[in-house]
Amino acid sequence: MKDYIVGISGLGLSGYVFFASKAFQRLGSGLSEDPAYYPRILAGILAAMSIGLLVGALRKRNKIEIKFNRALLINLGKFLGLLIVYILLIVPLGFIIATALFTFSMIWLLGGTRKQALVYALPISLLTYLLFSYLLKVPLPKGILQFI
Amino acid sequence: MFDFSLYTAGLPLMGITTIIALIGGTLTGIVIGALPGLSAMMAVSILVPLTYGMTAEVAILMLLGVYCGANYGGSIAATLVNIPGTPSAVMTTLDAYPMAKNGQAGLAIGLATMSSAIGGFFSVIVLSMLSPLIARFALQFTSLEKLSIAIFGISVMAFISKGSTVKGLMAGIFGLMVASMGFDPNTSILRFNFGSIYLNSGVNFTAAMIGLFGMTEIMLSAEKKAKKVPEKQIEAVKNPFACFKYLRLSLGNIFRSSVIGVIVGAIPGAGGTIASIISYAQQKKISKHPEKMGQGAVEGIVAAEAANNACTGGAMTTLLSLGIPGDAVTGILMGAFIIHGLQPGPNLFNTNYNLISAIFIGMFLINILILVLGLLGAPYFAKLLKFPRQLLNTVILVLCVVGTFGVQNSMFDVRVMVVFAIIGYIFTKLEVPRAPIVLALILGSMMEENLRRWLSLADGQYWAYFMECSRKTPIAPIILAITIFTLISPLFKKTKVFSEDALDEYEEINKKNS
């Protein structure tokens, strides 16, 4: 099953690269002046390997079975959802608040106790903020805490 | 008269800041290495953004400290909880864990520390002697040779990675495709920017690395239930200094294993894991008591640890003299060089003589630090294993996000990082190795530039020009021939001896032990 997915995605990617590179303007007649030349070589090799992988999988008669671990997928969805919300909130809320909220929920999601989450969330956020903005001079977004 | 200036020119750079960075880096490396699930690759990629404000020599030496420290630190978790703290400590678990179960955890960690430090030391000597010579030779390389070395590196990486070589190569091609995004190097025509100006100069390397090796690792480790740490052994890390009783007996073993480590490390693509597998197997062949290996034998620990730390010098030799990373971690290190405006490769010996010298001196010091910090700190590092997993993972997630943001103060990079984390996760689930992507990302632009330079020199007469180049120096065709041979060798032989697949055999011994 895995080989089928990898092979078909590989074929898809190489097809995309091949057709997208048609639009590149060519400045001269030589191969070195053709911006599409190198991506197309890569696309060609990738396509050949994908076909090889697919043929190999077919010959081994790999079974096509789809197994999903529902609990795992839900957890993964929560994890990514939390991460994306965090990244979206950093600029409007500011780094400190967004990170404190994120660490609180993430510790919890990863199996920590509520007490751990409460105790550690703010210190982690503050320490990272201090480390980056004062020691390493990275201007982290302040968001609604503009006064600091 | 022999010119020693290469070994002393760096001394003025070793100021107090550099030394502090060196100690801090090595200590951080050991700690990260000791924590299972946090690899050297992850440590270096997350810490690269922290070095932006530093001068080049401070930054590079700190990261080298992290690299070597993490390589050694893996042995601590291997000894105490039977989980390699970093992948290259896999072979150490075989003997160190049984020894710890017999109540000799201190001795096991001591032996690992001693052989790591001596192996590392040996490799620095080789590095400092060989790399100037190779660099002088490599200065004559033309685009064809550079191109073939890059192809060789990515192919070897694909071959060595666990699982199918074809999938490894596909991962490499994927990395090369990503590296070709943005302005075309010859004509400045935009390619694959998906309509976003942020992608005009391509994908940020550091963001991609942090995603692939920082965040992906956390996603994978969050899935697994953390192994309960047996309290008793952690209390029992006593008297690591006992290891010196075995020093005289083990010298031959350390020397052999170090040689294997340096050679494997120097091969582009091959790293510590392979080195320790080969040296362990070698030791088993010549051992007087091969049946004891895997049940807590001193020689097993020594062979595995000396080899995997000797790799560091070997990998640095290829990086400094050829500009090709010897393994995935040095690939990320190469990214750090570039961020600080340095292009690793033979030219570095002319343009940054002092820095090269400082790297040699720094790596000597790092290995002394490993010995001192390792022996004195063993009981404390052991306590780290009790640190709650979920806190650690959360902190690393935050560091991944801020670190990526800090690269160029861009939230777009953070999004790129998350995309690569998801790609890395899917790749792992589909059993496609991630390591070839690093090498491809870092070598991609160099590969394309050299390919097209060569094409324009050939001026339409490709075959004739290839033959002409090969007559001048046969290096390129030889490298290409070795590459092809490596890739088709599995067709002739069933087992890949020189690959991480060999681990499966040892994993069974490991299961029996625990």
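The table that follows gives values for the structure above.
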quantity: Evaluation of B:L397 against (1) more than 14 Å from every other protein chain (Cβ to nearest Cβ); (2) assigned to a helix (DSSP H, G or I); (3) hydrophobic (A, V, I, L, M, F, W, C) (one fails), failing number; calculated: (1)
quantity: Contacts under 8 angstrom Cβ, first residue in segment B:235-260 being at positive phi, partner assigned to a helix (DSSP H, G or I) and surrounded by 19 or more Cβ atoms within 10 Å (Cβ to Cβ), 6 or more apart; calculated: B:N239/B:G106; B:N239/B:L107; B:N239/B:G110
quantity: Helices (runs of 4 or more DSSP H) (entirely within segment B:4-55) containing at least 2 residues that are in contact (Cβ under 8 Å) with a residue 24 or more places away in the chain and not hydrophobic (A, V, I, L, M, F, W, C); calculated: B:5-8, B:16-34
quantity: Condition broken by A:Y38, with the remaining ones in (1) aromatic (F, W, Y); (2) under 30 Å from B:V166 (Cα atoms); (3) more than 7 Å from every other protein chain (Cβ to nearest Cβ) satisfied; calculated: (3)
quantity: Identity of the residue in segment A:24-35, part of a loop (DSSP other than H, G, I, E, B) and either more than 7 Å from chain B (Cβ to nearest Cβ) or over 31 Å from the mean Cα position of the chain (by Cα) (or both), that ends up surrounded by the most Cβ atoms within 10 Å (Cβ to Cβ); calculated: A:D34
quantity: Residue count, segment A:134-148 (criterion: more than 11 Å from A:I96 (Cα to Cα) and surrounded by 13 or more Cβ atoms within 10 Å (Cβ to Cβ)); calculated: 2
quantity: Failed item in (1) over 18 Å from B:S221 (Cα atoms); (2) over 19 Å from the mean Cα position of the chain (by Cα); (3) at pLDDT 85 or above, with A:L88 passing the rest; calculated: (2)
quantity: Segment B:133-162: number of residues that are closer than 27 Å to B:I278 by Cβ and either in a helix (DSSP H, G or I) or modelled with pLDDT of 90 or more (or both); calculated: 18
quantity: Among (1) over 24 Å from the mean Cα position of the chain (by Cα); (2) without any contact (Cβ under 8 Å) to a residue 40 or more places away in the chain; (3) more than 9 Å from chain B (Cβ to nearest Cβ), the one test that A:A47 misses; calculated: (1)
quantity: Residues located in segment A:88-108, provided they are surrounded by fewer than 18 Cβ atoms within 10 Å (Cβ to Cβ) and at the interface with another protein chain (Cβ under 8 Å from one of its Cβ atoms); calculated: A:V91
quantity: Number of the condition not met by B:G460 [criteria: (1) part of a helix (DSSP H, G or I); (2) at the interface with chain A (Cβ under 10 Å from one of its Cβ atoms)]; calculated: (1)
quantity: Answer residue from segment B:421-459, given it is among the charged types (D, E, K, R) and surrounded by 23 or more Cβ atoms within 10 Å (Cβ to Cβ) and is farthest from B:F174 (Cα to Cα) among those; calculated: B:R452
quantity: Scan of segment A:12-23 for residues that are at the interface with chain B (Cβ under 8 Å from one of its Cβ atoms) and more than 19 Å from B:G182 (Cβ to Cβ), ordered by number; calculated: none
quantity: Selected residue (only one of B:V372, B:V329 is at pLDDT 90 or above and assigned to a helix (DSSP H, G or I)); calculated: B:V372
quantity: Qualifying positions in segment B:282-307 - in a helix (DSSP H, G or I) and surrounded by fewer than 24 Cβ atoms within 10 Å (Cβ to Cβ); calculated: B:Q282, B:K284, B:K285, B:I286, B:P290, B:E291, B:K292, B:V298
quantity: Single condition B:A34 does not satisfy, out of (1) of a type in the set (G, A, S); (2) touching a Ser or Thr at 6+ places or on another chain (Cβ under 9 Å); (3) within 26 Å of B:V414 (Cβ to Cβ); calculated: (3)
quantity: Criterion violated by A:L118 - all others in (1) free of Cβ contacts under 8 Å to residues at least 24 places away in the same chain; (2) under 14 Å from B:V398 (Cα atoms); (3) out of contact with any Leu (no Cβ under 8 Å at 6 or more places or on another chain) satisfied; calculated: (2)
quantity: Among residues of segment A:68-94, those that are touching a helix residue (DSSP H, G or I) at 6+ places or on another chain (Cβ under 6 Å) and aromatic (F, W, Y), counted; calculated: 1
quantity: Residues that are farther than 17 Å from A:G56 by Cβ, more than 10 Å from every other protein chain (Cβ to nearest Cβ) and surrounded by fewer than 24 Cβ atoms within 10 Å (Cβ to Cβ), drawn from segment B:157-174; calculated: B:K162
quantity: Within segment A:1-23, considering residues that are buried (at least 19 other Cβ atoms within 10 Å of the Cβ) and free of Cβ contacts under 8 Å to residues at least 40 places away in the same chain, the one nearest to B:K429 (Cα to Cα); calculated: A:L13
quantity: Any chance A:K60 is facing chain B (nearest Cβ under 7 Å) and at pLDDT below 85; calculated: no
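The values are calculated or read from the model by the stated rules, or taken from the named source; none is laboratory data. Fair warning: this is a prediction, and the values are worked out from it, not measured in the lab. With ideal geometry, Cβ positions are generated from the backbone for all residues, glycine too; neighbour counts draw on all protein chains shown.
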